[in-house]
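**Student:** Starting off with a structure, shown below.
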Amino acid sequence: MQENNRGLGLFTLLVYLFLLGPLVIIALSSFEPGTVLKFPPTGFSLRWYQKIFEVEMFMKTFKTSMAVSLLGNLFALLLGIPAAYALSRFPFKGKDALNAVFLSPVLIPGIVLGFTMLKFLIVTYHLPIYTGLLVGHTVVMLPFIIRVVESSLANFDFAVEEAALSLGAGRLQTFFRVVLPNIKSGIIAAVLIAFLESFNNVDISVFMTGPGVSTLPIQMLTYVENYFDPTIAAISVLLMALTAVLMFVIERLMGLSYFTKR
Amino acid sequence: MALLSLEKVSVAYENQYILQNFDLSVEKGQLISLLGPSGCGKTTTLRLIAGFLEAKEGKFLLNGKDYTRIPVNKRNFGFVFQNYALFPHLSVYDNVAFGLRLRKVKEPEIRQRVTKVLDAVSLAGFEQRFPKALSGGQRQRVAIARALVIEPDLLLFDEPLSNLDANLRVSMRVEIRRIQQELGITTIYVSHDQEECFSISDRVAIMNKGIIEQLDRPAAIFKYPKTEFVARFIGFNNFIDFEQRSDSGDEIELKAKDRIFRAVRHPGMSGANGRKGAIRPDDIVVGTPEEIEAGVGCLTGRVKVSTFLGRSYQYVVETELGSFTANKEMESPFLSGQEVRLFFPREKLVLVE
């Protein structure tokens with residue numbers, strides 16, 4: 001038994017090493033003082049962190065990424081919350097099929113989706129690049145919003161809404177005064193998880209960006225094609241930190257198990 | 001004239017009728033129960049009256065006004081749910097005040113009315129608690145207060161006590177009855193618990209498969225069930241199909257396989273034109289052939305099963321008219337296979353349709 005446990009422990013350790021090892025390597029090499037990415041680092045310096053803020057393209061694309069993710073999030077919420085409500089409250093034809101689509105956002109490869117949108121939005125309809133990017137990211141976020149809000153609604157007793165109706169509230173009043181306050185944490189979690197999905201997105205953005213408009217992950221890709229200094233490791237560390245903070249907030253709000261079940 | 005009436009109402013889910021040509025009328029100030037097994041349509045009827053469901057055909061009148069197409073939020077009825085359905089994000093005070101705020105009542109008046117109604121349901125001092133910090137009984141009282149405070153034209157209860165434990169159920173039903181009578185609110189109460197319905201109602205409607213089998217005062221139903229379904233539902237376990245009946249005044253003579261039985265026609269006996277006799281296990285007299293003399297209203301048979309009920313023994317007796325269940329208090333029970341005689345007292349034999 002004891003032997004068995006030790007074996008299992010070792011195995012778990014290896015899995016963690018495999019998962020976290022690259023991240024640790026990146027994090028450590030971001031402090032390299034030299035001009036070439038090295039592991040282990042030959043010293044300790046924050047110069048590459050400083051450089052991030054000096055490269056104009058990083059700042060610019062960071063702002064674009066933020067704007068696209070936040071604005072797209074807003075649109076995804078405006079579309080996603082009513083959709084989630086309809087899916088969880090009303091019976092209608094094709095509901096199961098719709099649900100299946102919304103519940104498996106990973107089903108369609110991002111490359112396929114990105115390419116389709118390029119053909120459709122940019123080539124056929126000549127949408128401005130910025131608008132196309134926004135539409136693309138809204139589409140990326142929508143399934144996450146719908147999925148999380150829907151499971152939040154599934155846990156909310158419909159009788160409570162009926163109680164509000166019977167006390168004289170209209171449908172909209174019921175939604176804003178009773179439903180919304182009770183699925184608030186679900187909505188916040190949905191916003192955060194969708195934000196992460198959009199902010200880190202490469203496969204859609206790579207098709208939808210163009211001259212003068214780019215997102216941070218795309219800019220990072222371009223950067224590593226040309227330079228091999230530790231700046232990219234420094235940005236990665238900052239992005240990881242942002243992700244970790246957001247995941248922590250989601251975990252506190254409703255538990256991560258919320259997304260792994262089903 | 002009745003305060004509330006449903007006239008030839010039909011409700012269907014996907015072409016399957018739950019209620020068809022359904023009629024119901026309720027007098028002002030009464031508490032009427034809808035009682036029946038699950039699937040009998042009692043909850044559907046209640047939800048129709050509340051406005052959660054729409055009638056496919058028929059009319060719903062209240063005070064002479066047509067309510068059939070009025071949406072639920074314009075009806076001003078209080079609804080008490082089985083699972084209470086309190087607003088989890090609001091305090092007790094705000095839960096109760098919810099309906100008043102929607103009616104744009106001024107805050108001082110809200111305060112006064114909420115305080116008064118919380119007093120009436122013995123929840124003074126709980127204003128700032130949240131629903132999850134309350135017991136089941138307290139939640140149900142908040143739910144009742146929330147429904148009462150809007151001064152509803154009708155009060156509707158959907159199995160309000162079924163989530164509570166047995167002792168609490170008894171005290172809560174007395175409470176519901178007291179509040180209902182004090183305020184004189186016309187009330188419709190749905191339950192599958194007989195005792196609950198019979199104890200608090202002015203009238204009880206026994207429902208089966210989307211129709212009302214009998215609508216009467218509890219005592220009348222208990223004594224004189226109208227149909228076989230009602231009789232079975234309230235514990236008449238024994239039935240005899242008679243082949244012939246002849247009436248002379250209040251006396252009815254009945255025949256089955258040449259055995260003669262007598263029954264008394266009582267003005268309250270609503271199924272008196274039927275040919276089926278019903279009797280409770282407690283009302284059949286059991287004895288040895290020596291104890292009971294053969295004659296009118298008697299039947300001889302053999303004990304098939306004997307069970308001990310605590311106060312009495314229960315026998316299943318096989319006779320030429322089928323098997324009967326009878327109870328008898330005695331020291332030493334009859335044995336299985338023993339010959340016994342059953343006597344059906346004429347004032348206990350009830351005719352049903």
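The values are calculated or read from the model by the stated rules, or taken from the named source; none is laboratory data. What you see is a predicted model, and the numbers here were worked out from it, not measured in a lab. Here Cβ is always computed from backbone atoms with ideal geometry, including for glycine, and neighbour counts include all displayed protein chains.
**Student:** Inside the range B:137-172, can you point out the residues that are on the phi < 0 side of the Ramachandran plot, among the charged types (D, E, K, R) and either at pLDDT 90 or above or not assigned by TED's automatic domain parsing to the domain that holds residue B:121 (or both)?
**Tutor:** B:139, B:141, B:146, B:153, B:158
**Student:** Continuing with the same structure: With the requirement that a residue be touching a residue at least 12 places away in the same chain (Cβ under 8 Å) and touching a Phe, Trp or Tyr at 6+ places or on another chain (Cβ under 9 Å), what does the range B:90-109 give you?
**Tutor:** Residues satisfying the conditions are B:90, B:91, B:92, B:93, B:95, B:98.
**Student:** For the range B:5-37, which residues satisfy the criterion of being over 22 Å from residue B:162 (Cβ atoms) and not in a strand (DSSP E or B)?
**Tutor:** Matches in the range B:5-37: B:14, B:15, B:27, B:28, B:29, B:30.
**Student:** Mind counting the residues in the range B:8-34 that are surrounded by fewer than 17 Cβ atoms within 10 Å (Cβ to Cβ) and under 16 Å from residue B:49 (Cβ atoms)?
**Tutor:** Final tally of qualifying residues: 6.
**Student:** Kindly provide the set of residues from the range B:279-294 that are assigned to a strand (DSSP E or B) and free of Cβ contacts under 8 Å to residues at least 60 places away in the same chain, ordered by number.
**Tutor:** Of everything in the range B:279-294, those that are assigned to a strand (DSSP E or B) and free of Cβ contacts under 8 Å to residues at least 60 places away in the same chain turn out to be B:286, B:287.
**Student:** Which residues, taken from the range B:261-294, are surrounded by 16 or more Cβ atoms within 10 Å (Cβ to Cβ) and among the small types (Gly, Ala, Ser)?
**Tutor:** B:263, B:270, B:271, B:272, B:274, B:277, B:278, B:287, listed by residue number.
**Student:** Would you mind telling me which numbered condition in (1) closer than 21 Å to residue A:160 by Cβ; (2) buried (at least 17 other Cβ atoms within 10 Å of the Cβ); (3) more than 10 Å from chain A (Cβ to nearest Cβ); (4) modelled with pLDDT of 90 or more residue B:121 fails?
**Tutor:** All conditions pass for residue B:121, except number (4).
**Student:** If a residue has to be at positive phi and either outside any loop (DSSP other than H, G, I, E, B) or among the charged types (D, E, K, R) (or both) to count, how many in the range B:312-342 make the cut? Even if it seems obvious, please write down each step before you answer.
**Tutor:** Taking the range B:312-342 first, the residues at positive phi are B:322, B:337.
Within this subset, residues satisfying the condition of being either outside any loop (DSSP other than H, G, I, E, B) or among the charged types (D, E, K, R) (or both) are B:322.
Residues meeting the conditions: 1.
**Student:** Looking at (1) buried (at least 18 other Cβ atoms within 10 Å of the Cβ); (2) assigned to a loop (DSSP other than H, G, I, E, B), which is the one condition that is false for residue B:43?
**Tutor:** Single failed check for residue B:43: (2).
**Student:** Could I ask something else about it? Quick one: which helices (runs of 4 or more DSSP H) sit completely within the range B:142-243 and have at least 3 residues that are among the aliphatic types (A, V, I, L, M) and either away from every other protein chain (no Cβ under 14 Å) or within 30 Å of residue B:124 (Cα to Cα) (or both)? First the steps, then the outcome.
**Tutor:** Working: elements: B:166-183, B:194-200, B:218-223, B:228-233.
Qualifying helices (runs of 4 or more DSSP H): B:166-183, B:218-223.
**Student:** Could you say which residue among A:164, A:169, A:194 is among the aliphatic types (A, V, I, L, M) and over 26 Å from residue B:79 (Cα atoms)?
**Tutor:** Within the list A:164, A:169, A:194, the selection yields A:194.
**Student:** Tell me, please, whether a residue that is within 14 Å of chain B (Cβ to nearest Cβ) and touching a helix residue (DSSP H, G or I) at 6+ places or on another chain (Cβ under 8 Å) can be found in the range A:186-195.
**Tutor:** Of the range A:186-195, the ones within 14 Å of chain B (Cβ to nearest Cβ) are A:186-187.
Remaining after also requiring touching a helix residue (DSSP H, G or I) at 6+ places or on another chain (Cβ under 8 Å): A:186-187.
Within the range A:186-195, one or more residues are within 14 Å of chain B (Cβ to nearest Cβ) and touching a helix residue (DSSP H, G or I) at 6+ places or on another chain (Cβ under 8 Å).
**Student:** Among (1) at pLDDT below 90; (2) more than 14 Å from every other protein chain (Cβ to nearest Cβ), there is one condition residue B:14 misses while meeting the rest; what is its number?
**Tutor:** Here residue B:14 meets the rest and fails (2).
**Student:** Going through the range A:116-169 one residue at a time, which ones are assigned to a loop (DSSP other than H, G, I, E, B) and away from every other protein chain (no Cβ under 14 Å)?
**Tutor:** Across the range A:116-169, the qualifying residues are A:125, A:126, A:127, A:128.
**Student:** Shifting gears a bit: Considering only residues that are facing another protein chain (nearest Cβ under 8 Å) and not in a loop (DSSP other than H, G, I, E, B), which ones fall in the range B:51-106?
**Tutor:** Result: B:72, B:73, B:74, B:77, B:78, B:79, B:98, B:99, B:102.
**Student:** Next question, about the same structure. Restricted to the range B:295-311, and to residues that are part of a loop (DSSP other than H, G, I, E, B) and without any contact (Cβ under 8 Å) to a residue 12 or more places away in the chain, which residue is surrounded by the fewest Cβ atoms within 10 Å (Cβ to Cβ)?
**Tutor:** B:310
**Student:** Working only within the range A:189-228, note down all residues that are among the small types (Gly, Ala, Ser), surrounded by fewer than 18 Cβ atoms within 10 Å (Cβ to Cβ) and within 18 Å of residue A:117 (Cβ to Cβ).
**Tutor:** A:210
**Student:** Right, here's the next one. Determine if the range A:104-126 includes at least one residue that is surrounded by 17 or more Cβ atoms within 10 Å (Cβ to Cβ) and of a type in the set (Phe, Trp, Tyr).
**Tutor:** no
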